[in-house]
1. Which residues, counting only those in the stretch 104-130, are in contact with a helix residue (DSSP H, G or I) (Cβ under 8 Å, 6 or more places away or on another chain) and either in a helix (DSSP H, G or I) or loosely packed, with under 15 Cβ neighbours inside 10 Å (or both)?
2. Condition (residue is within 15 Å of the ligand (Cβ to nearest atom), touching a residue at least 12 places away in the same chain (Cβ under 8 Å) and crowded, with 16+ Cβ neighbours inside 10 Å) applied to the stretch 47-55: is it met by at least one residue?
3. Looking only at the stretch 29-46, count how many residues are in contact (Cβ under 8 Å) with a residue 60 or more places away in the chain and surrounded by 16 or more Cβ atoms within 10 Å (Cβ to Cβ).
4. Regarding the stretch 131-147, can at least one residue be identified that is crowded, with 20+ Cβ neighbours inside 10 Å, in contact with a helix residue (DSSP H, G or I) (Cβ under 8 Å, 6 or more places away or on another chain) and assigned to a strand (DSSP E or B)?
5. Of all residues in the stretch 57-78, how many are within 15 Å of the ligand (Cβ to nearest atom) and in a helix (DSSP H, G or I)?
6. Can you tell me which residue is modelled with the lowest pLDDT among those in the stretch 176-191 that are surrounded by fewer than 20 Cβ atoms within 10 Å (Cβ to Cβ) and under 20 Å from the mean Cα position of the chain (by Cα)?
7. Mind checking which residues of the stretch 124-144 are out of contact with any strand residue (DSSP E or B) (no Cβ under 8 Å at 6 or more places or on another chain) and within 8 Å of the ligand (Cβ to nearest atom)?
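The values are calculated or read from the model by the stated rules, or taken from the named source; none is laboratory data. Note that the coordinates shown come from a computational prediction; the quantities given were computed from them, not determined experimentally. Using ideal geometry, Cβ is built from the backbone for each residue, glycine included, and neighbour counts are taken over all protein chains shown.
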Ligand SMILES: Cc1cc2nc3c(=O)[nH]c(=O)nc-3n(C[C@H](O)[C@H](O)[C@H](O)COP(=O)(O)O)c2cc1C
């Protein structure tokens, strides 16, 4: 496969898994870049975002438009809308299961289904611990359908000094997955 195009238009879907630190880190990292970023947040996602960060989706940086998770008429529900990549960040086991089964019961699940059928980048930041057999089978199913399973596992070799720094190293890896170059990011083997 050739090098991926830099996405101009990306969709960030927030579900009700723990790990909103990673969402905030990623959106902050891409906030000043030349991208169109749209968002969808499930009801559970709003609850967990409030619990973990004390904010609403509208308080997050980078996202210019938030679509209602029940609105199947929103642009990204159609393959013709031209999104280059979609991240589900964080991705609950419930949403993972729905994507694996092609259920499309809300806008997030529908959009993920669209990305897979259009052969566009779909990255699932799945979060649960431990995983049961169903979770593992669903991850393999979506991997086989073309998605990238990218759990929030920071690398420690850059020696992050805080949770925030650790989350940032993960955000850089996430950006790599959808062809976004974050200026100034650290890469192993490129520093003195
Ligand atoms: C504080 C909190 C943390 C949660 N963490 C997780 C999690 O890490 N992974 C997960 O799969 N579900 C988690 N859940 C449960 C999901 O929110 C729940 O299954 C919900 O139905 C997911 O819906 P959604 O995928 O439409 O957002 C959590 C719920 C709460 C309230």
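1. 105, 107, 108, 109, 110, 111, 112, 113, 114, 116, 117
2. First, the residues of the stretch 47-55 that are within 15 Å of the ligand (Cβ to nearest atom): 47-55.
This time we only want the ones that are touching a residue at least 12 places away in the same chain (Cβ under 8 Å), so: 47-49, 52-53.
Keeping just the survivors that are crowded, with 16+ Cβ neighbours inside 10 Å gives 48-49.
Checked the stretch 47-55: at least one residue is within 15 Å of the ligand (Cβ to nearest atom), touching a residue at least 12 places away in the same chain (Cβ under 8 Å) and crowded, with 16+ Cβ neighbours inside 10 Å.
3. So in the stretch 29-46, the residues in contact (Cβ under 8 Å) with a residue 60 or more places away in the chain come out as 29-30, 33, 35, 40, 42.
Then drop every residue that is not surrounded by 16 or more Cβ atoms within 10 Å (Cβ to Cβ), which leaves 29-30, 35, 40, 42.
Of the residues in the stretch 29-46, 5 are in contact (Cβ under 8 Å) with a residue 60 or more places away in the chain and surrounded by 16 or more Cβ atoms within 10 Å (Cβ to Cβ).
4. So far as the stretch 131-147 goes, no, none of its residues is crowded, with 20+ Cβ neighbours inside 10 Å, in contact with a helix residue (DSSP H, G or I) (Cβ under 8 Å, 6 or more places away or on another chain) and assigned to a strand (DSSP E or B).
5. 1
6. If we filter the stretch 176-191 for residues that are surrounded by fewer than 20 Cβ atoms within 10 Å (Cβ to Cβ), which is where we start, we get 176-177, 179, 181-191.
The next check asks that each one be under 20 Å from the mean Cα position of the chain (by Cα); those that pass are 176-177, 179, 181-183, 185.
Working: 176: 95, 177: 96, 179: 92, 181: 90, 182: 87, 183: 85, 185: 82.
Within the stretch 176-191, the match that is modelled with the lowest pLDDT is 185.
7. 128, 129, listed by residue number.
Residue-wise test of (1) farther than 20 Å from residue 78 by Cα; (2) in contact with a strand residue (DSSP E or B) (Cβ under 6 Å, 6 or more places away or on another chain); (3) within 16 Å of the ligand (Cβ to nearest atom); (4) at pLDDT below 95.
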| residue | (1), (2), (3), (4) |
| --- | --- |
| 107 | no, yes, yes, no |
| 122 | no, yes, yes, no |
| 146 | no, no, no, no |
| 155 | yes, no, no, yes |
| 158 | yes, no, no, yes |
| 164 | yes, no, no, no |
